Amino acid sequence: MPANEMQSQVDDWIRQYKDGYWKPHEMLARLIEEMGELSGEINRLYGPKKSEDEENTERLSEEMGDIIFTLCCLANSLDIDLEDAFSRAMDKCYLKDKARFSKE
């Protein structure tokens, strides 16, 4: 799904509630919280803190989805187009970092 569709879907969901979007610093705290949960899952799957179900990446996928949702909320509240932001990030990769890494 394109980022603009994700942002629209998130906006439709948020706007049905009276409180609307949280303040940017509250969403940033939520994003950091979700990153911590993703970090914990990665640590359980690939780090020294192994879980009983080492091959289960379902929770890893859920945490990534939570991060995308929260990032869409933050972007929407600040009127930022994530597709444009991503495009500019890729431009930096192709221009600024083109000689930074060894190619195959």
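Where a number appears in this text, it was derived from the coordinates with a stated rule and is not lab data. Note that this is a predicted model, so its numbers are computed, not measured. As a convention, Cβ positions derive from the backbone with ideal geometry for all residues, glycine included, and neighbour counts pool all protein chains shown.
Going by the conditions given, is residue 21 surrounded by fewer than 16 Cβ atoms within 10 Å (Cβ to Cβ) and either assigned to a loop (DSSP other than H, G, I, E, B) or in contact with a Pro (Cβ under 8 Å, 6 or more places away or on another chain) (or both)? No. Taken over the range 11-64, residues that are within 30 Å of residue 79 (Cα to Cα) and not basic (Lys, Arg) amount to 30. Can you tell which of 81, 66 is in contact (Cβ under 8 Å) with a residue 40 or more places away in the chain, of a type outside the set (A, V, I, L, M, F, W, C), surrounded by 11 or more Cβ atoms within 10 Å (Cβ to Cβ) and out of contact with any His (no Cβ under 8 Å at 6 or more places or on another chain)? Of the residues listed, the single one that is in contact (Cβ under 8 Å) with a residue 40 or more places away in the chain, of a type outside the set (A, V, I, L, M, F, W, C), surrounded by 11 or more Cβ atoms within 10 Å (Cβ to Cβ) and out of contact with any His (no Cβ under 8 Å at 6 or more places or on another chain) is 81.
Quick one: is residue 42 in contact (Cβ under 8 Å) with a residue 24 or more places away in the chain, surrounded by 11 or more Cβ atoms within 10 Å (Cβ to Cβ) and of a type in the set (A, V, I, L, M, F, W, C)? In short, no.
Take residue 30 and decide whether it is in a helix (DSSP H, G or I), over 15 Å from the mean Cα position of the chain (by Cα) and not small (Gly, Ala, Ser). Answer is no for this residue. Set side by side, the residues 9, 16 differ, and just one is surrounded by 10 or more Cβ atoms within 10 Å (Cβ to Cβ), over 12 Å from the mean Cα position of the chain (by Cα) and of a type in the set (S, T, N, Q), which is 9.
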